[in-house]
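The values are calculated or read from the model by the stated rules, or taken from the named source; none is laboratory data. Predicted model only: the values in this text are computed from it and were never measured. Note that we place each Cβ from the backbone using ideal geometry, even for glycine, and neighbour counts take in every protein chain shown. Heavy atoms of the whole protein, side chains included, go into the accessibility calculation; ligands, DNA and RNA do not. Shrake-Rupley method; radii C 1.70, N 1.55, O 1.52, S 1.80 Å.
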Amino acid sequence: MSCKALRQAFPLILVVIASIPTTLLAQKVASHVRVVRLSYVSGTVAVKRPGSTEWAKAMVNTPIQEGFEISTSAHSYAEVEFENGSTARLGEFSKANFDQLALDEDGNKLNRLSFEQGYATFHLLPQRHDAYSVKVGEATLTPNGKSEFRTDLENGRARVEVFSGSVELASASKTAKVGKNKVLEFDPGTTEEALNAKPGIVKDSWDQWTSSRDTQSELALADQAVPARGSV
């Protein structure tokens with residue numbers, strides 16, 4: 001590439017770099033050997049492995065690795081649980097890709113997902129310098145610390161609702177912060193519109209179900225055996 005062409009392309013390069021979460025840029029991948037699990041299945045849930053062109057029926061405790069895809073059918077739901085208790089829950093007619101499940105050189109977990117259709121709730125609990133992101137069309141959602149948020153894709157429009165914490169939405173040219181109890185609607189295929197979060201969360205039966213799953217997880221954790229201290 002000539003110097004003139006490089007100068008012309010430089011602004012575009014900067015925009016592309018700016019759209020990548022800084023936490024993912026800063027952390028070098030040391031290992032791709034991570035396994036999370038399909039912790040809940042209801043109805044018809046399918047999984048596609050890396051390099052495969054066929055979908056297979058998914059069962060509870062199916063190991064999910066980097067490059068796996070998960071889809072749900074009508075009246076079907078799925079939950080993927082990460083090692084630290086974070087969850088990705090998919091509603092009916094939904095599809096998500098696990099683009100990256102890796103470790104950096106310091107042992108921090110790198111998690112990149114793509115959400116392609118339907119509706120899903122992500123309850124993410126990063127520890128130390130773990131990094132999470134969910135790509136929706138041309139936009140990327142990155143939680144600021146521990147966060148729980150829902151995203152819907154319907155008729156070419158996306159909707160993000162944040163129940164706890166906050167989420168940073170970044171497109172090629174714009175960014176927006178969505179705080180607790182705020183909603184942001186946008187077209188995931190374009191960056192022309194303004195990105196303005198506003199109040200207006202109205203919970204439905206799906207939100208009630210995910211809340212009950214959170215409660216069950218908390219009770220299960222509290223019910224674990226406590227190791228004895230001292231002599232018995």
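Is it true that some residue in region 212-228 is among the hydroxyl-bearing types (Ser, Thr, Tyr) and at pLDDT 85 or above? Yes, because at least one residue in region 212-228 is among the hydroxyl-bearing types (Ser, Thr, Tyr) and at pLDDT 85 or above.
Exactly one residue among Ala158, Ala172, Ala120 is hydrophobic (A, V, I, L, M, F, W, C) and either more than 28 Å from Thr215 (Cα to Cα) or in contact (Cβ under 8 Å) with a residue 40 or more places away in the chain (or both), and that residue is Ala172. Per the listing Lys146, Lys109, the residue uniquely in contact (Cβ under 8 Å) with a residue 12 or more places away in the chain and over 16 Å from Val35 (Cα atoms) is Lys146. The residues in region 73-103 that are open to solvent by 10 Å² or more (accessible area, probe 1.4 Å) and either part of a strand (DSSP E or B) or of a type in the set (Asp, Glu) (or both) can be counted, and the count is 9. Residue-level analysis places Ser42 among those that are under 22 Å from Asp214 (Cα atoms), among the small types (Gly, Ala, Ser), touching a residue at least 12 places away in the same chain (Cβ under 8 Å) and open to solvent by 30 Å² or more (accessible area, probe 1.4 Å).
Of all residues in region 52-72, those being touching a residue at least 12 places away in the same chain (Cβ under 8 Å) and either loosely packed, with under 13 Cβ neighbours inside 10 Å or among the hydroxyl-bearing types (Ser, Thr, Tyr) (or both) number 7.
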